[in-house]
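The values are calculated or read from the model by the stated rules, or taken from the named source; none is laboratory data. These figures come from a predicted structure and were not determined experimentally. FYI the Cβ positions are ideal-geometry reconstructions off the backbone, even for glycines, and counts take in every protein chain you see. Keep in mind that these areas ignore ligands, DNA and RNA; they rest on the heavy atoms of the full protein, side chains included. Shrake-Rupley method; radii C 1.70, N 1.55, O 1.52, S 1.80 Å.
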Amino acid sequence: MKYLVMVQGTQADYDAMRGKASEHSPAWGEQELQAMYAYMAAINDDLSESGELVDGQGLADPDRTRHVSLSADGKPVITDGPYGETKELLAGYWVLDCASLERVTAIAERVARCPQPAGAPEYPVVIRPIMDGAGDTC
């Protein structure tokens, strides 16, 4: 079964990784960034070697996001980010092909252990099964 494994973040988190602290997150140093990148690269390498990695990407800052919706009269409403009313947004993802929910949960637990500075916010790692067709059940 294929699963979407998602990590979340806010604009403040992206800013913190560039060295700008806020009340939301402490500034990251170069060593902390390199530790995070090495940790995630090791996960990606292991998933690639096991054949479970379909795709995985980090996403651009929330301030580069665009929301497109429709107004009551059906006209497009386009809003650029970041969004003060929105808490966390998708920061990165993996599409994994795993034998079981238990296996993908073990991978998500490993992702959740990614090193970060003390005091940085912690977000859950979200797992969603990917349906192969209309009406599939998990």
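Compared with the alpha-carbon gap, the fully stretched path from Thr79 to Arg64 is longer by 4.3 nm at 0.36 nm per residue. When the solvent-accessible area of the stretch 18-58 is split by element, carbon and sulfur atoms take up 48 percent of it, the probe being 1.4 Å. Both radii come from the Cα set of the chain: Rg as radius of gyration, Rh as Kirkwood radius; their ratio Rg/Rh reads 1.02. Surface exposure of the chain, expressed per residue as accessible area with a 1.4 Å probe, stands at 64 Å². For the stretch 75-134, the list of GluC sites (Glu not before Pro) that fall in a loop by DSSP and count at most 16 other C-beta atoms within 10 angstrom reads Glu85, Glu88, Glu122.
Work the Kirkwood hydrodynamic radius out for the stretch 6-63: mean of 1/r over every pair of different alpha-carbon atoms, inverted, in Å.
Numbers: mean 1/r = 0.0780 Å⁻¹.
12.8 Å is the Kirkwood radius here.
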